[in-house]
Structures are given as structure tokens and as C-alpha cells.
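Peer 1: If you scroll down you'll find the structure; I have some questions about it.
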Amino acid sequence: MRAVCFFFGSLIFGVCIWQAVVTLTGVPRFILPSPTLVVQTLWKSRALISEHALITFGEVLSGLVLGTALGAISAIALSASRNARDLLKPILVFSQAVPVFALAPLLTLWFGYGIWSKIVMALLIIYFPVTSAFLDALMRTPRGWLDLAKVMGGSSRRILWLIRIPAALPGLASGVRLAAVYAPIGAIIGEWVGASRGLGYLMLLANGRAKTDLMFAALIVLAVFTIVLHFLVDRLATKYLDRPD
Amino acid sequence: MSDVHAIAPGLYLSGNAYIEQVMIFEDLTLQIASGEWHCLLGASGVGKSTVLRLFAGLNEGIKFGGTLSASDGFPFSNRVTFMAQNDLLLPWLNARENVLLGTRLRGQVTNQFEADTVLEKVGLADHRLKKPSQLSGGQRQRVALARTLIEERPIVLLDEPFSALDAKTRSQMQELAVDLLKGKTVLLVTHDPAEASRLGQAISIMSSSKLEKFLPPVGIIPRGLSDPETLSAQGSLLRILRGTE
């Protein structure tokens, strides 16, 4: 309750400062629109914004689900085979050395202007954190459990499914929490580079036409979506992946 | 399991062990009679656990040169089970599922009735659906004992399984273990002279240089806590450990 109060308190404080800056400095609205103007635009353009927002939300959620699934499967495959680890880990690390943003034009070229290039962008951006967090956890199964399983006569496949994977789920949870924050970034970058729909596209369009208030409105929708997504993913991860002790 | 495997064999170990070029023990000979509780007493770091790991087949990283055999000439595999200081319960499984872990790891059909019977034997009939986090330290170690019992293996290796328990629970667990592990060959690794003098039908004292036999007090195990002979043996063992006798 205290945290919620402080959250809204700091929000109201921030908005007040924003309004004060605009009122006191008389900065033109195309440079910095006032919060009241942004709220008015948000309400007036709600149909336009929701149409584009739904596209972006769809891209983010698809990228999140696919990226998490692919990351989890890769981590399990890598944990099961030392050869696969030795072969693929350098590639994984190298892939992180290439800024994903630089790949965006290429992805648009390969996957077109539709939603797929954005989904792939979101997927690429979250694949590494998910794989890396889950793989780390899979490689750190407490030795005592593995010793016990070995003495009991468990096969490595069963030890993986019954002990190592369940034991590593909190690691997957950390990866998914990070992914929920990164996925919208991927989708927006994808939309900036080439799109005809989505919040990123709307922001660029609004910016180009000096409709800064519309850009802020789209930005607020995106920020609220990201916060809600992060909160929901955090709750789900805590409920289904984390352990109480 | 064939009859010949159900009879508890004696154990024999003789040789040297190294871990990463460091000598753990040299020219050590340990003989454990069929069906006896053999206490291996020693300070921390003298290599007691290495002896236990060799018998358990957990020899990864240990360079062992010598003989390791059972008195009936059959191999150890599938005839050994062990309990550690840490109960090694999987926190995401309830007590019954933890007891059935070995069966599931081997891909055999699980028998819940059997698991419940064993849990009843250790006095946890009402706790079979509880997760480890809902159990006390003593109850958790009882589940671990039930998990050891259901394996029905003739050789039981105990690596200080009672040392993390409070004094009252420890003495109760010692009595329960002696009662339920009747007829099995038990190697109990401990650093506690009181435990060795209470439970050992044979006692070996391990130091960095040698293995020394100690004549255990008379009387059936578990010996009385305040039995003068037990207390006197405890004193002698402590003096030997401290190197004053």
C-alpha cells in the first residue's frame, strides 16, 4: 500500500514539475507540450492511438512468447550437451557484440514491413538474456541433488527433466522478467526502421509533423503498457517459476 | 531385485586417493562387516567423505588406486543409497513425491501406497502432502530417511545425516534410523564422538595419516545416552581426536 502511494505520489510530483516548466518558461508546444494538452490529445486521438497500439502490443507479446520459448529450448539443449555449449557459446557471445539495432534495416529487408520484422527484432533482443539466465541456472544444480540422483540410478535425461530443469526455473524467471522490459524496445526500433503501423510508426509520423503532443501521448501509452507487462510477467514468474524458499 | 542383492554384503576398501594431485589418504584399509553399523569418525577435512563417495560410486574427480569391493563379489551399483547432512529434498515436490524420487528417476511405476507406508513408518503419515518448506528440520530428515528406506538397498551410506539437528531430534532420529535400517550394512561418517559411541558396532578413527580401530562399548545400538560405558567411550574418542591419548 505504501509503495502504491509513493508510486502515485512521485507520478503526480513529476507531472506537476512538467506543467510548471511549460507554464513558467512558455516553451512552444511543438517542443514540449503541457501534460494537460497531452491528455487532451490522448483522449481525442484514442481511436488512432489504440489502432496502432494494438499492433505494437501484438508484436511485443508474440516476440516475448517466441523469444522466451526459443531461449528456454536453446538453454536446455546447451545444458544437455557439452559439445553444443562449446560450439555455440562463442557464437552467442559474438551475436551480442553486434548491436541489435544495427540489424533492424536488415530484418526489415528479410521479413518485410509487416509485423514479422518487429517480432523477430523483439525476439532477438530478448533471446540472449533468457538463454543466458536459464543456462546459468541449469549449470548450477546443487551438487548434492545430482549425487543423489546418480546413486538412485537416474538417467541423465530423467535427471534433466526431474531435477535440473525444475531447479533452474527461478533462473528462467529472471530472464523472462528482463525480457518483458526489453521486448517493447525491440518492437519500437523495428517500427522506426520500417513500418506502416504501430506506436513506433505513429511517433515518427507525429514527430515529422511537429505533433509533439501526439508523440507524447503514444509514448505514454507505450510506457504504461511496458509497466503493466512487466508487472504481469513478474507476477506470473513469481507464481509459476519461482520457489518460496 | 534378486535375493543375493537383498542380503547386506560386507564392504572393503584399500588403497590411495588423490583429488587434483593432493593426497587425500594413502595405504588406507577399511573393512566393514556384513550388516553392521560402522562409524568412521574424524575431524573435518581428513577424507571421510571421500571414502563414502568412493563406496557410493561418486568418484568423479577422485583418483583412486586400490581395491573397492563387496564381500559377495557383486558390484556396488544399484545396491547403495545415501543420506547426507543436507536432507537434499527437492523443494518443489511434496514429501510423498520426494520419497518416490528414485522410482521416477529410474522410470519405474510409482507406488503411492508404498510411499505412504514408509512415511508412516517414520511418523509422517499426516505430512505426506506437505512441501519441505512446511516441515521442520527433523521432519525433513525423516522424509530423507523414508526416501532412503523405500530404495530397499542393502548398503546405506550416511554422511553426518543427524549433525544439523537439535540434540533432542538428533537422538530420536538416531534411534529411528537404527530401528529402520536393521539388517543393512551401514557406513556412518561422523565427526561427533558421542554419535560414534552411541551407534557404532565398529568404530574407525580417521586422521590425516592413518586409520585406527577403536573397540566400541558393549551393548546393542542405539546405546543409552547416559550409559557410563557410552560416555566413557565418548571421552576416549574425543581424547584420541584431540591427539592427547
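Peer 1: Which whole number gives the average count of other chain Cβ atoms within 10 Å of the Cβ atoms across peptide B:50-58?
Peer 2: Numbers: counts 0, 0, 0, 2, 0, 0, 4, 4, 6.
Taking the mean over all residues of the peptide, I get 2.
Peer 1: Using the crude model of +1 on Lys and Arg Cβ and -1 on Asp and Glu Cβ, and no other charge, please compute the dipole size for the protein assembly as shown relative to its Cα centre, in debye to 20. Walk me through the intermediate numbers first.
Peer 2: Working: 46 positive and 36 negative charges, 294 e Å.
Roughly 1420 debye, rounded to the nearest 20.
Peer 1: Sum -39500 (n - 2.57) across every DSSP H segment of at least 4 residues in chain B, then divide by the residue count to get the 222 nm mean residue ellipticity, nearest 500. Walk me through the intermediate numbers first.
Peer 2: On the way: 9 runs with 83 residues, N = 245.
-9500 deg cm²/dmol, from helical runs alone.
Peer 1: Taking the simple approach of a point 7 Å from Cα along Cα-to-Cβ for both B:Lys210 and A:Asn83, what is their distance in nm?
Peer 2: Placing both labels 7 Å beyond Cα along the Cβ direction yields 5.2 nm.
Peer 1: Here's something else I'd like to know. Magnitude of the Cβ-charge dipole of chain A, K/R +1 and D/E -1, about the Cα centre, nearest 20 debye? Before the final figure, lay out the partial values.
Peer 2: On the way: 21 positive and 10 negative charges, 82 e Å.
With only Lys, Arg, Asp and Glu charged at Cβ, the dipole is about 400 debye.
Peer 1: Tell me the net charge near A:Gln96. Cut-off is 15 Å between Cβ atoms, A:Gln96 excluded, with +1 for each Lys or Arg and -1 for each Asp or Glu.
Peer 2: Working: positive: A:Lys89; negative: A:Asp136.
Surrounding charge for A:Gln96 is 0.
Peer 1: Continuing with this model, one more query. How big is the antiparallel share of DSSP beta bridges in the protein assembly as shown, given as a percent to the nearest 5?
Peer 2: Values: 21 of 41 bridges.
Percent antiparallel among DSSP bridges in the protein assembly as shown is about 50.
Peer 1: Another question, then. For helix A:100-111, what angle does its Cα long axis make with the longest principal axis of chain A, in degrees from 0 to 90 and rounded to 10?
Peer 2: Once rounded, the angle reads 90 degrees.
Peer 1: Continuing with this model, one more query. Given B:Lys121/B:Lys210; A:Lys150/B:Lys168; B:Lys63/B:Lys182; A:Lys150/B:Lys182, which pairs have Cα atoms separated by over 29 Å? Intermediate results must be reported in sequence, preceding the final value.
Peer 2: Details: B:Lys121/B:Lys210 39 Å; A:Lys150/B:Lys168 32 Å; B:Lys63/B:Lys182 33 Å; A:Lys150/B:Lys182 24 Å.
Flagged as over cut-off: B:Lys121/B:Lys210; A:Lys150/B:Lys168; B:Lys63/B:Lys182.
Peer 1: Using r as the Cβ-Cβ distance of B:Ser133 and A:Ile12, and R0 as 51 Å, what FRET efficiency do you calculate, to the nearest 0.05? Provide the component values of the computation, followed by the final result.
Peer 2: On the way: r = 40 Å, r/R0 = 0.79.
It comes out at approximately 0.80.
Peer 1: Can you give the charge dipole size of chain B about its Cα centre, rounded to the nearest 20 debye, using +1 on the beta carbon of Lys and Arg and -1 on the beta carbon of Asp and Glu? Before the final figure, lay out each step's value.
Peer 2: Values: 25 positive and 26 negative charges, 80 e Å.
Its charge dipole is roughly 380 debye.
Peer 1: Now for a separate question. To the nearest 10 degrees, how steep is helix B:112-121 against the longest Cα principal axis of chain B, on a 0 to 90 scale?
Peer 2: That helix lies at roughly 50 degrees to the long axis.
Peer 1: Oh, and also: Within 10 Å of each Cβ in B:101-109, how many Cβ atoms from other chains are there, averaged over the peptide?
Peer 2: Mean partner-chain Cβ count within 10 Å for B:101-109: 5.
Peer 1: May I ask you to order A:149-155, A:170-176 by the average number of other C-beta atoms within 10 Å around their residues, highest value first?
Peer 2: Values: A:149-155: 19.9, A:170-176: 22.9.
Ranked by mean Cβ neighbours within 10 Å, highest first: A:170-176, A:149-155.
Peer 1: What net charge is computed for the residues neighbouring B:Tyr18, neighbours being all others with C-beta under 11 Å from the C-beta of B:Tyr18, Lys and Arg scored +1, Asp and Glu -1? All intermediate terms of the calculation are to be shown ahead of the outcome.
Peer 2: Working: positive: B:Lys63; negative: B:Glu20, B:Glu26.
Summing Lys and Arg as +1 and Asp and Glu as -1 gives -1.
Peer 1: Next question. Can you compute the modelled spin-label distance between B:Val109 and B:Tyr18, with each label point 7 Å from Cα toward Cβ, in nm?
Peer 2: 5.1
Peer 1: Something else: With unit charges on the beta carbon (Lys/Arg positive, Asp/Glu negative), name the residue among B:Pro91, B:Phe113, B:Gly47 whose Cα is farthest towards the positive pole of the charge dipole of the protein assembly as shown.
Peer 2: It is B:Pro91, whose Cα lies furthest towards the positive end.
Peer 1: Mind telling me which of B:Phe162, B:Phe82, B:Phe214 comes out most flexible in a GNM of chain B, alpha-carbon contacts under 10 Å?
Peer 2: Answer for the Gaussian network model of chain B: B:Phe214.
Peer 1: Compute the FRET efficiency between A:Arg140 and A:Ser95 as 1/(1 + (r/R0)^6), taking r as their Cβ-Cβ distance and R0 = 30 Å, and round to the nearest 0.05. Kindly include the intermediate steps, with their values, before the conclusion.
Peer 2: Numbers: r = 23 Å, r/R0 = 0.77.
Rounded to the nearest 0.05, the efficiency is 0.85.
Peer 1: While we're on this one: When chain A is modelled as a GNM with alpha-carbon springs shorter than 10 Å, which of A:Val15, A:Val221, A:Val130 fluctuates the most?
Peer 2: A:Val15
Throughout, read-outs are computed from the coordinates displayed, never taken from laboratory work. Predicted, not measured: the structure shown is a model, and the values here were computed from it. A quick note on method: Cβ atoms are made from the backbone with ideal geometry, for glycine too, and the neighbour counts reach across all protein chains shown.
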